[in-house]
Structure formats: structure tokens, C-alpha cells
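Have a look at the structure below before the remarks.
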Amino acid sequence: MTHINKLKIFNDPIYGFITIPNELIYDLIQHPYFQRLRRISQMGLSYLVYPGANHTRFHHALGCMHLMKKAIDTLRFKDVAISEEEENALLIAILLHDIGHGPFSHAMEKSIVEDVHHEAISLLFMNQLNEEFDGKLSLAIQVFKGEYHRKFMLQLISSQLDMDRMDYLKRDSFYTGVAEGNVNSERLIQMMNVENDVLVIEEKGIYSVEKFLLSRRLMYWQAYLHKTSLVAELILMKVLKRAKELTLKGVKLPCSEPLLYFMQNKISLEDFDAEKLDLFSQLDDFDIISALKAWQRQDDFILSTLSKMIINRDLLKIKMSAEKIPMEESQSMKEEFAEDHKISQLEAGYFIFRGKIKNQAYSKAAEPIRILKKDKTIEDVVEASDQLNLKSLSKLVTKYYICFPKQLI
């Protein structure tokens, strides 16, 4: 048998060369479950707004692993003891943290794979891989679930200043061209330390944290909650919901077998056995896009019209407001649209609907970002900062929207 060199390197446009640290991680990356992430876009339909935003979750997961390695090296340099086994667990946990994402996962979670959160599916994938890899992922799973006694390890994977956020802000900013999101992850990592088993940022890194939180807020408004990306995702949710509705009524719609399975069956987390997980692992963006292309030619007015909207980027109009949009406004539009197209008002609800979005760059309710002062005291970043804008960043901002067809303007 020829020996494969498993200590390969990836060339990343953001960090340069990323090294695969060991053979186990190489084998995990090679696994079909992980390779699937190459076919799942990191930012869903945002490429309809930012043509460069075609990067994948595969890309992001490798970036997170690279940052985790840097964080481990920094902490060791500051005399935080991290064993080789713990290092491996951290690298595996961050590498696999997003493995449970489906195609356009937020739209999927609200329409087809209802009420099953991607983090729960990530855990199912990890458990399955753990069986295949003879229990070598046990510690990583323990850390990922927050069951390991060293609390700071979970904070590196999932907190308000974790490797996941550091990578996606930097990466999404790079690929969208939204420069405001570019965070200095190198500097933030250099400022990390561990005090009383919790992750802290040394005081001189406070401005980098402020910039990080501000970048996060701006990326939400300019990229993740951009009104065109938002309306595209909402239309996708409606398409999938309609497709599921028709399928359950016995209408045969052309689509891939895994997609058909999830449209025909209501799957809860308890139902997710190895067989269902395998079916889920066969789903990616291509299943959804091919289905939309086929559904453009279906007899159902709702399904075909909404599918065409996404494929041809001819979307619904969306109007944002700081105030709640009155029900009468959408009601009169529904009546007019239903009459024009000879459909019921209930069906017109697929084209005319209201909702709200929220943005909070920093949550005071969640675990805080802690600043380690020079006198060794620890303070929440909001208290430690002399910037007034951090107080406003922790305020929850709600915006309301209404979507409707262009001809109703």
C-alpha cells in the first residue's frame, strides 16, 4: 500500500498556508460528510447581492481550525497548559462545529427540516464519526457539548468572541468586499489569555474587541441582513414550504431523492437515526438549485413563480421600517393580488407577508467578553470600555419589513 502524505497544506486567500496538523484531522477532512461542505455556500443566497460571496462552509471550517491552532499556540506561550489530547479535541471540535448545516440552512430549518437546529445535527454527525474513528473524537465531543471541566475551551469554540465569529467576519468581509467587516483576528488572538479557567482579553486589546463588535454589527446590516439577501432567503423558505405542501397532497415534484424524502416526512430530532443522517448528508446547494430550476415549469402558480424569482433574481419588493407595519397594509395588497391572479387570499400570503429582524452585536444576557485589567481584575468589556458606542452595540435593534410583488407598487 502506498503511503499517503497526510500532512498537507491548503492555500487560503486570507491566511496564506493552512497546515493539516495530523493524520486524524486529514482523515476527517477527507470524509464524505466533511467534503459535502464544499457544496454548501457559507452565505446562502448573498451572492445575489455580492457576486463574490460564493465561498463555502468547507473553506470557513478550515479557517476556524487555523485560528484555533494560533490561539492554542498563544495560550501555551503564556503558560496555559494544554495537552496534545486537548489540542486535538479543540481542533476537531472547531473543524466540525458547522458540519450539520444543510443547504441554505436557515431557510431549510424553517421549512423542510423543521425545528431541528444545525447544531444538533452537527452533534449527530460527530457521534457518527466517533463510531467510525474508534472513539477518537470523544474528548472533542465533550468539549463541544460544554461538558469538559476546562471552561475556556468551550469559549474558544462558542462564545461572543470565538474562532467561528473571527473567521466568518473576516472571510465574509473579504468575499463580499464589505471592508467594514474586516476584523484583526491576529491581534485579538495575541491578546487572549486564561484567568481562573475563563477566557480573557488583556486590557491593551480592548480597542480590537471594540472594532470586532462594531464590525459584527456592520456586517449584519450590510451583508447578513441586507434587504435583498433577506428577501431572497424568505422567498426560498416560501418555495420550500409550498413544495412540501404540494408533495404532502400527493403532487409529484421533480427533485433529488434525499430532498424528496425530507419533503415527504416530518423529521424531528428523535427520528434522526443513522439512515436519516446519511440521507441528510447527501443534501447540498445543488439539490435545491436544481429543484428550483425544475419547479419553474410546474403547473402550480405559486411554486413556479417563486422559483423563477430566485433563479432569475427578479425578487419581491421589500420595504423596511423602524415601526411595526400595520396589518391593513398587507391585507389590502393580498386582496388585490388574489383578485388579479385568481388565487385565494391564503395563497396570496406566499407573495405578501410581514416580519421582523433583530440585530444585537453584543448580548449582555450571554456570557460576557471579559477584559483582564493590569491590576488583574476582570471586567465585562462594556464596563471596561470608555467608548459609549459599546453600550449602544449591546442594545437590541429591531426592524420590521413587508414583502410584496413589484406590480403592487
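The values are calculated or read from the model by the stated rules, or taken from the named source; none is laboratory data. Predicted model, so just to flag it, every value in this text is computed and none were measured. Because the Cβ atoms are built from the backbone with ideal geometry, glycine has one as well, and the counts that use them run over all protein chains shown. To get the accessible areas, we keep the full protein, side chains included, count just its heavy atoms, and leave off ligands, DNA and RNA. Shrake-Rupley method; radii C 1.70, N 1.55, O 1.52, S 1.80 Å.
Taking region 50-66 as the range and being out of contact with any Lys or Arg (no Cβ under 9 Å at 6 or more places or on another chain) and either in contact (Cβ under 8 Å) with a residue 12 or more places away in the chain or surrounded by 22 or more Cβ atoms within 10 Å (Cβ to Cβ) (or both) as the test, the residues that pass are Y50, G52, A53, N54, A61, L62, C64, M65, H66. Pairs meeting the criteria (first residue in region 18-38 and over 21 Å from L277 (Cβ atoms), second residue surrounded by 18 or more Cβ atoms within 10 Å (Cβ to Cβ) and not acidic (D, E), beta carbons under 6 Å, at least 6 apart or on different chains) are I18/L62; I18/H66; Y26/I20. Scanning region 214-222 finds no residues that are surrounded by fewer than 21 Cβ atoms within 10 Å (Cβ to Cβ) and without any contact (Cβ under 8 Å) to a residue 12 or more places away in the chain. Here L269 clears all of (1) out of contact with any helix residue (DSSP H, G or I) (no Cβ under 8 Å at 6 or more places or on another chain); (2) over 30 Å from N182 (Cβ atoms); (3) not charged (D, E, K, R) except the condition numbered (1).
Out of curiosity, is E109 among the acidic types (D, E), open to solvent by 50 Å² or more (accessible area, probe 1.4 Å) and without any contact (Cβ under 8 Å) to a residue 24 or more places away in the chain? Here the answer is no, as E109 does not meet what is asked.
Comparison of A322, A338 shows that the only residue that is open to solvent by 50 Å² or more (accessible area, probe 1.4 Å) and farther than 22 Å from G44 by Cα is A322. For first residues located in region 269-287 and small (G, A, S), partners that are exposed (fewer than 13 other Cβ atoms within 10 Å of the Cβ) and lie 6+ apart or on another chain with Cβ distances below 8 Å form the pairs S281/P32. Among the candidates K319, K334, the residue that is outside any loop (DSSP other than H, G, I, E, B), within 30 Å of I289 (Cβ to Cβ) and without any contact (Cβ under 8 Å) to a residue 60 or more places away in the chain is uniquely K334.
All conditions in (1) over 20 Å from R354 (Cβ atoms); (2) in a helix (DSSP H, G or I); (3) open to solvent by 20 Å² or more (accessible area, probe 1.4 Å) hold for I310, with the sole exception of (3).
Among the residues of region 133-154, the ones that are touching a residue at least 60 places away in the same chain (Cβ under 8 Å) and open to solvent by 10 Å² or more (accessible area, probe 1.4 Å) come to 3 in all.
Table: residues versus (1) assigned to a helix (DSSP H, G or I); (2) buried (at least 19 other Cβ atoms within 10 Å of the Cβ); (3) out of contact with any His (no Cβ under 7 Å at 6 or more places or on another chain).
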{"residue": "I189", "(1), (2), (3)": "yes, yes, yes"}
{"residue": "I201", "(1), (2), (3)": "no, yes, yes"}
{"residue": "L236", "(1), (2), (3)": "yes, yes, yes"}
{"residue": "K252", "(1), (2), (3)": "no, no, yes"}
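In region 38-58, what residues are at negative phi and under 13 Å from the mean Cα position of the chain (by Cα)? Matches in region 38-58: I40, S41, Q42, M43, L45, S46, H55, T56, R57, F58. Got at least one residue in region 289-299 being closer than 24 Å to H341 by Cα, at pLDDT 95 or above and touching a strand residue (DSSP E or B) at 6+ places or on another chain (Cβ under 6 Å)? Among the residues of region 289-299, not one is closer than 24 Å to H341 by Cα, at pLDDT 95 or above and touching a strand residue (DSSP E or B) at 6+ places or on another chain (Cβ under 6 Å), which makes the answer no.
If I go through region 279-307 residue by residue, how many of them are open to solvent by 40 Å² or more (accessible area, probe 1.4 Å) and over 20 Å from T228 (Cβ atoms)?
8
The criterion of at least 2 residues that are open to solvent by less than 50 Å² (accessible area, probe 1.4 Å), within 30 Å of L234 (Cβ to Cβ) and in contact with a Leu (Cβ under 7 Å, 6 or more places away or on another chain) is met by the following strands (runs of 3 or more DSSP E) wholly inside region 346-409: 353-359, 397-404. For region 309-363, what are the residues that are of a type in the set (A, V, I, L, M) and over 25 Å from the mean Cα position of the chain (by Cα)? Passing the criteria: A322, I325, M327, M333, A338, I343, L346, A348, I352. The residue that is modelled with the lowest pLDDT, counting only those in region 378-407 that are farther than 24 Å from A322 by Cα and touching a strand residue (DSSP E or B) at 6+ places or on another chain (Cβ under 9 Å), is S385.
Does L96 satisfy being in contact (Cβ under 8 Å) with a residue 60 or more places away in the chain, open to solvent by 10 Å² or more (accessible area, probe 1.4 Å) and of a type outside the set (S, T, N, Q)? Working first, answer last.
On the way: in contact (Cβ under 8 Å) with a residue 60 or more places away in the chain: yes; open to solvent by 10 Å² or more (accessible area, probe 1.4 Å): no; of a type outside the set (S, T, N, Q): yes.
Against the criterion (in contact (Cβ under 8 Å) with a residue 60 or more places away in the chain, open to solvent by 10 Å² or more (accessible area, probe 1.4 Å) and of a type outside the set (S, T, N, Q)), L96 does not qualify.
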